[in-house]
Amino acid sequence: MKTCCFTGHRPQFFPWKDNLSDTRAKKLIVALNNEIRLAINAGYTRFLWGGALGVDTWAAECVLSAKESNLNIKLTAVLPYKEYNNFVTDLRYLNAINNSDEIITVGEIKSMRMLKMRDRYMIDNSGRIIAVYDERSKIKSGTYHALCYAKERNIEIKQIRWMDF
């Protein structure tokens with residue numbers, strides 16, 4: 001089973017925050033959908049998402065949409081630790097979690113280290129990463145570090161530079 005994972009920012013890092021009716025957000029969702037369709041056409045059937053708000057959730061929604069016409073597709077949430085995001089009430093997020101085919105938990109204890117371990121787990125178990133990151137933003141978040149690790153591991157990177165929108 002060929003596996004693809006995602007990395008990208010949480011909503012607060014984007015100028016539109018979580019307003020998906022913003023033109024730029026719509027363009028990002030279209031770009032995510034396109035990359036996911038290309039991955040499916042290249043034989044990827046398993047998609048790992050990190051269980052976070054923002055790009056992770058948006059990508060998971062795109063995979064769930066694609067899954068409606070292709071039952072071979074599997075969506076796996078990879079959480080950094082138990083009870084990660086248990087406080088979240090966002091319906092889109094909850095729908096993505098509840099409709100994931102599998103949930104993997106990397107660690108037991110809440111820590112920043114577990115976020116990094118989650119990202120590394122996804123990258124180590126994938127042949128491709130779809131990264132929503134733009135170097136011009138100068139944000140050195142977990143997304144930046146995940147992208148650097150993916151480059152080190154020499155997996156295929158499909159990068160969406162969101163500042164182009």
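Taking the numbered list (1) open to solvent by 30 Å² or more (accessible area, probe 1.4 Å); (2) in contact with a strand residue (DSSP E or B) (Cβ under 7 Å, 6 or more places away or on another chain); (3) hydroxyl-bearing (Ser, Thr, Tyr); (4) in contact (Cβ under 8 Å) with a residue 60 or more places away in the chain in turn, Thr45 passes all entries but (4).
Suppose the filter is over 15 Å from the mean Cα position of the chain (by Cα) and open to solvent by 10 Å² or more (accessible area, probe 1.4 Å); does Ile109 pass it? Judged against the criteria, Ile109 is a match. When Gly51 is tested against (1) open to solvent by 40 Å² or more (accessible area, probe 1.4 Å); (2) in contact with a strand residue (DSSP E or B) (Cβ under 6 Å, 6 or more places away or on another chain); (3) in a loop (DSSP other than H, G, I, E, B), exactly one condition is not met: (1). Restricting attention to the stretch 50-61, the residues being without any contact (Cβ under 8 Å) to a residue 60 or more places away in the chain, touching a Leu at 6+ places or on another chain (Cβ under 7 Å) and within 16 Å of Lys158 (Cβ to Cβ) number 1. Picking from residues in the stretch 1-27 that are part of a loop (DSSP other than H, G, I, E, B) and aliphatic (A, V, I, L, M), the one that is farthest from Cys148 (Cα to Cα) is Leu20.
The values are calculated or read from the model by the stated rules, or taken from the named source; none is laboratory data. Everything numeric here is computed off the predicted structure, so don't read it as measured data. Cβ atoms come from the backbone with ideal geometry, glycine included; neighbour counts cover every protein chain shown. Side chains are part of the model used for accessible areas, which takes the heavy atoms of the whole protein and leaves out ligands, DNA and RNA. Shrake-Rupley method; radii C 1.70, N 1.55, O 1.52, S 1.80 Å.
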